[in-house]
Every structure is written in structure tokens, then in C-alpha cells.
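Just below is one structure, and these are the notes that go with it.
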Amino acid sequence: MTKTDDLLKGLEETVSNYIKTIGEFIIKNEKFHIVDHYRSSEFEHCQICPQETAIKDIYVIEDSKGNRTIVGNVCITSITNEKIGQRFKDYQRKFDVYTDNRTYIDFLNGLLTDYYGIDPDNEEPEEGDISNLPIWISKQGISKLLGSYKRLCRGISLIDTQLRLIQYYAKKIQKEISEAQQ
Ligand SMILES: [Zn+2]
């Protein structure tokens, strides 16, 4: 399992725990609970109100007999009395950051775990060992890479200069490895 898979699994658990905390709610004398949330690629209609005719953020709710209904952000928020849309927006943003940056997260995880001997996302690293890296990287470079890695693990996208620095080192390492193989 890669670091990105690990982060996605953790996120999934967080979402499912959050859904559990919402519990049951009543619509027209019928008990419902949330069973799923997803981003649809096409527009759908909310099935309990006439206003939400073009929704992509879909919440699937289920009654006690197992009948499923899809509802939009506005309805689910007013029914559950929770700022549910915002929470799911945060989860969605994290999901997008993890999946869009899979290459960078896994690259940095490998590099920094080699350097520190531990995954610096899980534990606060102390001194690292440069001789475990395929190329020389300055302390300042390492600390910038560490900052970018922690940022990605928190689900925040990188700024251009951070991305360029990762690409720079990745290219250098690739070159080093291919030269060593010749
Ligand atoms: Zn609705």
C-alpha cells in the first residue's frame, strides 16, 4: 500500500465515522440515514424538492425499509441541521489533493522516509541521514520538501515553487539512477 492509498483509506474512515455521527433523521414521518455521498459526473435532480434540479453533490439516504432516495446539498443541510455540505466539501478537497498529487506524495514519502528513517507525516523527525539518499540535497532543500510533504498530507495543494522544487529533485534522482545503470 502506498502512502497515498494510506491517506485515502484514512479519509474514507473519517467520512464514514462522520456519517455515523449524523445518525437518523425524520422526513415525512419516515426515519432516514445517510448511506453514501458522491460527486456525479452528470447533473441530477433532488428527489424530495423541486428546487435542486442540477445537483452534482449527491447524498444517498435510506429509510428503514431500505428504500433509497437521492438529495442535494440544500435539502440534506436543512434536514440534518448540520453544515454537512461544508464538511463534505473539505473531504472532497482532500480527496482531490491526494489523487491529483499521488506521484508527489509517494515520491516524497519514499525520499523523506529514507532520509529520516521514519515517515515524517506520522512522527516528528529529528536528524536525518543524507547518505541514505541517491543524491545530495541541502538541509534547506530537505526542510522545504518536508514542508511540502506535510502540506500534501493535510490535503492542501502546493504552490508552484514547491511543485517545481519537487520536480527538480525528482529529475535529478532519475538522472542519477539512469547514469548508475549504464
Ligand atoms: Zn432538495
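The values are calculated or read from the model by the stated rules, or taken from the named source; none is laboratory data. In this text, all values refer to a predicted model and were calculated from it rather than measured experimentally. Every residue, glycine among them, receives a Cβ derived from its backbone with ideal geometry; neighbour counts consider all protein chains shown.
Here the condition is being more than 12 Å from the ligand (Cβ to nearest atom), within 24 Å of the chain's Cα centre (by Cα) and farther than 30 Å from residue 144 by Cα; of 86, 92, it holds for 86 alone. From the list 87, 93, the one residue that fits, being part of a helix (DSSP H, G or I), at pLDDT below 90 and basic (Lys, Arg), is 87. Checked against (1) loosely packed, with under 12 Cβ neighbours inside 10 Å; (2) in contact with a Pro (Cβ under 8 Å, 6 or more places away or on another chain), residue 149 meets all criteria but (1).
Could you check, for region 32-43, whether at least one of its residues is among the aliphatic types (A, V, I, L, M), in a strand (DSSP E or B) and surrounded by fewer than 18 Cβ atoms within 10 Å (Cβ to Cβ)? The answer is yes; a qualifying residue exists. Total residues in region 129-161 satisfying the condition of being farther than 20 Å from residue 116 by Cα and in a helix (DSSP H, G or I): the figure is 2.
For region 51-75, filtering for residues that are away from the ligand (no atom under 13 Å from the Cβ) and free of Cβ contacts under 8 Å to residues at least 12 places away in the same chain leaves 3. One residue is enough: does region 1-24 have a residue meeting the conditions farther than 30 Å from residue 164 by Cβ, of a type outside the set (A, V, I, L, M), touching a residue at least 40 places away in the same chain (Cβ under 8 Å) and away from the ligand (no atom under 13 Å from the Cβ)? Scanning region 1-24, I find at least one residue that is farther than 30 Å from residue 164 by Cβ, of a type outside the set (A, V, I, L, M), touching a residue at least 40 places away in the same chain (Cβ under 8 Å) and away from the ligand (no atom under 13 Å from the Cβ), so the answer is yes.
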